[in-house]
Each structure stands twice: as structure tokens, then as C-alpha cells.
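Bear in mind that the values in this text are calculations on the coordinates, not laboratory data. No experiment lies behind these values; they were computed from the predicted model shown. Cβ atoms come from the backbone with ideal geometry, glycine included; neighbour counts cover every protein chain shown.
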Amino acid sequence: MLYRAMGLILGITAGVAGVVWLLSSDNEGSILSHPPIKAASPDNAGNGQETASATRAHKPGQKPPSDNAMGFMLASVADEYQQTIRYPDYSVPLTPAQAEAYQGNRYHPVILPLEGDGRFVVTLDKFRFSRGEPILVVASLDGRQVFGQSLSATLETAGSQDQVETAELAMSETGYYQGTLSSDHTPGEYRLIVQARVDGKPVRHVSSLTIEPDLGSFEGLETAYVSGNDLIIPVRFDPEQSGYYALSGQLYLGETPLAQLQQDTALGSSAATIRLKAHGSVLANRTVDGPLQLRHLQIRRLPAAPGDRTDYAFGPEEGYQFSPPDLSNLRDQPAVNPESEQRAALLQQLADKF
């Protein structure tokens, strides 16, 4: 444990040393295009000493960081790491932006620019499809001369580029082209190719998706309860195969995201309960006067051997709503992790030497 912590220290030290070199007077030209760490206000613009002092502002009772560049950087790293480890890995607080970024099955439309300000856009309702699900493809095409009332869509394997499925995308009343492909194919990575004719020439739009095996089914929640400083949310899952799984989900209060929850566990081939835990530090200072929701459930079957792929499955789109138990005993206190605390102490000791 000590050696791992020292390895972390050495890695950070090497990074800080690089920053110090970049900031040195012999390397002025290398960083002129980068913005400063903290912008100077109009009152102190041009006064480097005042700007640096404002940047080094510290909390009451905390030792001011050293004027030494390496000492300042190490003190900042130690403070940020101390804030990070107050939350356990299984229960991390979320901002709305983070909650959106962590959603694991979102398809981002691919836009292909065309001449004359034209655009060729293909949209799917998700990125990962469980084997057997229909793949609804929607395309929009704007150009000077678009020919035909339909487009062709082809699904092919990403590696060997073998064609496995074709379909026609017909013009709908809304002005979009749409059609359906089958996902009843071997799980893996696939390329989706939609072809049109623009200005008398064929144009190919290429994007990607994955077909996932059927991992099993979500069977709802059991009654939530408090244990120690955690809210326990038992999730029922019936796996198709035994293996090592990782379940994650987002805890919401109304439309406010509270935490990203995760739990790894080994499952057999029969229905099982996976207990997600929300730490008291993400709940204790909130007024919970209504139901909570568990949204964006995602389960992964982790590789059994090197080279195996990670398989994905997802919970119901509407998630699950549940009534929480009495949460008054939950406390907003840091999680206890001796190894992380030792690393934080070593970081602070190293920072104090400068």
C-alpha cells in the first residue's frame, strides 16, 4: 500500500516538474498561446504578483501554499485529492452536466457536410442495441439536387466489412427518411452506411453502433433501507449467464441528480439482488420529502479472459421510483478509506517540504 502511494507521488512529482519547466524563463515561447490558470481582474491586470496572490487564496486555518511553483502545485493536488476521497467510489455526487455525460447509451447524430451548405444527418435512438431489438434509422438530407424518394441503409461488420443487412429508408410525411434494420446478428461492432444521390453522385454516410447479447432482465427493486451511513437500494436482475457484473445507475430527487452509484458483483445463472449504495454524504444535507428515482441503469458483464469484450445491457427507460426510508440518521461525513487517507497524507507531507 505504501509503495503504491509512493508511486502516485512520483507520478505527480514528474507532472509537476514538467509544469515547472514549462513555466521557466527559458521556455517562455512554449506557453504563450495558453490561457493563465486564473484570469486577472481589471484592477490587477499587469500586476503578476497580485494575480498570483489571488490565485493562492487559501481556506481559513489552512497553511498558505509556498511561493515555490512545485510546492504550490503539490499543495493544490493534495487539496483536490482530499476533496475527492471524501466520497466512496460506489457513490459519487453528480451535477446535471455530469449526469447527462454519464448516460451510457446515447447516440450522437453524425453530420456530413455537403456542398452548398447542405447536410446529411443520420440519427438512431441509441448506440447499443440488445440482440433482437429493431434498429430504427432516421435520416435527413438537404442539398441542391437530391434525387429519389428513398435511401438505402446497410449494416456491415466493423472488422471484415461483411454486409449483414440492408433496408430502404422511405420518405415520411414529416420530411425525414426512415426505416428499420434487424439486430438479430452476432454481437459486436457494426458500421451503418446510408447512401443517397446528391447532384447526380452517390454520397455515403457512415456511422457506428454495437449489437449486444441478451444479458438478462431487470426485475425491479426491493424495499430500500439504511445500513450504517448508506442508503441501500436492492436491484433485482435475472442474468442469462453467470459471470462478473458491474451495475451502475443515477439517483434522482425529482429532476435533480444526486449521485452516480456503482456496484460490482459475481452472479450465477439465477435471479439475484445487486445492492446499490448511496453514501450519507450525498443525502444528509438534502430535504427528501418525496419519492426518489433510480434512472439510467446500466449493467456490464466484464471480460472473463483477456481479449474478451465487455457486454452491456440497460434498464427500463423510465427507471424505477421508490419511497425512501427514514434518512435522518445519515451523516455528511467523509468516507473512511485508510489507503486513500495515507496517500492524501503523503501528498500533504511532500507539499509541506516546499
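Is the stretch 96-197 best put as rounded, prolate or oblate by its Cα gyration tensor, with a ≥ b ≥ c the root eigenvalues, rounded for a/c under 1.5, and otherwise prolate when a/b is larger than b/c, oblate when not? List each step's numbers first, then the result.
Values: a/c = 1.83, a/b = 1.23, b/c = 1.49.
Note, shape of the stretch 96-197 comes out oblate.
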- prompt: Over the stretch 125-255, what number does the Rg to Rh ratio reach, with both radii from the alpha-carbon atoms and Rh per Kirkwood?
  reply: 1.15
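Work out the FRET efficiency for Asp332 and Arg309 from their Cβ-Cβ distance, taking R0 = 30 Å, and round it to the nearest 0.05. Provide the component values of the computation, followed by the final result.
Details: r = 40 Å, r/R0 = 1.33.
With R0 = 30 Å, the Cβ-Cβ based efficiency is 0.15.
What is the ratio of the Cα radius of gyration of the stretch 169-224 to 2.2 N^0.38 Å, where N is its residue count, to two decimals?
Numbers: Rg = 18.1 Å, N = 56, 2.2 N^0.38 = 10.2 Å.
Cα-based Rg divided by the globular estimate yields 1.78.
Which number do you get for Rg(Cα) / (2.2 N^0.38 Å) in the stretch 294-337?
Details: Rg = 17.1 Å, N = 44, 2.2 N^0.38 = 9.3 Å.
Computed over Cα atoms of the stretch 294-337, the ratio equals 1.84.
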